[in-house]
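Enquirer: Below are the structure tokens for one structure; questions will follow.
Only the coordinates and a few stated rules stand behind these numbers; no lab work does. On a predicted model such as this, the values are computed, not experimentally measured, just so you know. Note: ideal-geometry Cβ built from the backbone for every residue, glycine included; neighbour counts use all protein chains shown.
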């Protein structure tokens with residue numbers, strides 16, 4: 001498997017001189033599997049636009065472009081690149097788009113098509129030339145054919161968000177973003193009138209079990225790409241409940257799960273290249289036996 005990062009930022013694109021080395025595009029990964037280079041795209045953030053241009057440049061004349069797109073969730077920073085993906089406007093393109101849906105009364109097609117209306121964009125969904133199929137995903141294990149299997153896991157985010165575990169010939173690539181540790185949502189202060197001992201105890205147990213399930217999901221991965229938008233100080237001060245992880249949590253969880261390489265991902269848009277360099281030096285010794293690094297646009301990794 002070969003992974004190429006086309007977008008590594010979270011929340012909103014942030015181009016500029018202070019983000020040029022790590023990149024300013026929002027999430028998009030290109031995954032190539034097997035000798036034939038089967039194409040899987042994970043998320044459709046603004047990084048999907050340059051990926052699309054590269055795919056069109058490399059496409060042999062007369063050969064259809066086929067790809068599976070796996071969306072972790074449908075927040076805008078993870079789908080905003082889709083209307084600007086050049087293969088959408090070519091009749092020989094065949095896309096299969098997979099992802100979770102939070103509200104059952106809206107299909108994945110309707111959610112993604114909402115940004116392809118004249119209110120927001122000059123081209124309507126019905127005018128796209130590509131052949132597109134939409135598939136709603138839930139938690140489970142799936143045989144994708146050709147020796148590729150996929151395990152999906154619900155993560156902790158304000159809307160349904162899936163982690164993806166791709167397995168091929170004994171190698172494992174995992175994604176775990178956007179997510180934060182599960183926590184007890186019940187009152188835990190005995191002096192608070194709302195405190196209920198049984199509920200507090202049950203809340204602690206459920207949060208612990210869910211966090212263990214997430215670590216079991218990416219256990220032993222050759223490469224884990226994990227949400228790391230905040231530092232621990234930022235997370236505990238003002239960002240708890242926003243659906244993103246602290247870098248220190250990602251490193252510790254990966255270590256417990258026996259992950260081999262950890263790519264910290266979904267960078268805070270205000271974080272400069274210099275700040276990421278400094279944090280990289282701080283976090284690397286914590287990784288111990290794990291290879292810990294911040295993902296950069298254009299980075300390629302072979303698993």
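Enquirer: For every helix of n ≥ 4 consecutive DSSP H residues, a contribution of -39,500 (n - 2.57) applies; sum these over the chain, divide by its total residues, and give [θ] at 222 nm rounded to the nearest 500 deg cm²/dmol.
Expert: -6000 deg cm²/dmol
Enquirer: Once both axes come from the Cα atoms, what is the angle between helix 247-256 and the longest principal axis of the chain, in degrees from 0 to 90, rounded to 10?
Expert: That works out to roughly 80 degrees.
Enquirer: Sticking with this one: Sort 68-74, 267-273 for me by packing, meaning the mean count of neighbouring Cβ atoms within 10 Å per residue, highest on top.
Expert: In decreasing order of mean packing, 68-74, 267-273 become 68-74, 267-273.
Enquirer: Relative to the longest principal axis of the C-alpha atoms of the chain, give the angle of the C-alpha long axis of helix 273-283, reported between 0 and 90° and rounded to the nearest 10°.
Expert: Taking the Cα atoms of the chain, the angle to 273-283 is about 50 degrees.
Enquirer: Follow-up. When only Cα pairs under 8 Å and 6 or more residues apart are kept, what is the percent relative contact order across the chain?
Expert: Relative contact order, the chain: 18 percent.
Enquirer: For a protection proxy built on the mean count of beta-carbon atoms within 10 angstrom, sort 38-51, 115-128, 204-217, 165-178 highest first, please.
Expert: On the way: 38-51: 24.7, 115-128: 12.2, 204-217: 14.9, 165-178: 21.3.
Averaged packing, sorted descending, gives the order 38-51, 165-178, 204-217, 115-128.
Enquirer: Then there is this: Compute the angle between helix 48-58 and the longest alpha-carbon principal axis of the chain, please, reported from 0 to 90 degrees and rounded to the nearest 10.
Expert: Approximately 40 degrees, to the nearest 10.
Enquirer: Between residue 119 and residue 90, what FRET efficiency comes out of the Förster formula 1/(1 + (r/R0)^6) with R0 = 25 Å and r the beta carbon distance, rounded to 0.05?
Expert: Using R0 = 25 Å, I get an efficiency of 0.50.
Enquirer: I've got another one for you. When DSSP assigns beta bridges and you keep just the ones with both residues in the chain, what percent turn out antiparallel, to the nearest 5?
Expert: That works out to approximately 50 percent antiparallel.
Enquirer: (1) 69, 44, 41; (2) 60, 43, 41; (3) 57, 41, 31: which one is Cα extents along the principal axes in Å as calculated from this entry?
Expert: Looking at Cα extents along the principal axes in Å for this model, the match is (1).
Enquirer: Here is a follow-up. Each label point is 7 Å from the Cα along the Cα-to-Cβ direction; what then is the distance between the points at residue 195 and residue 212, in nm?
Expert: 2.6 nm
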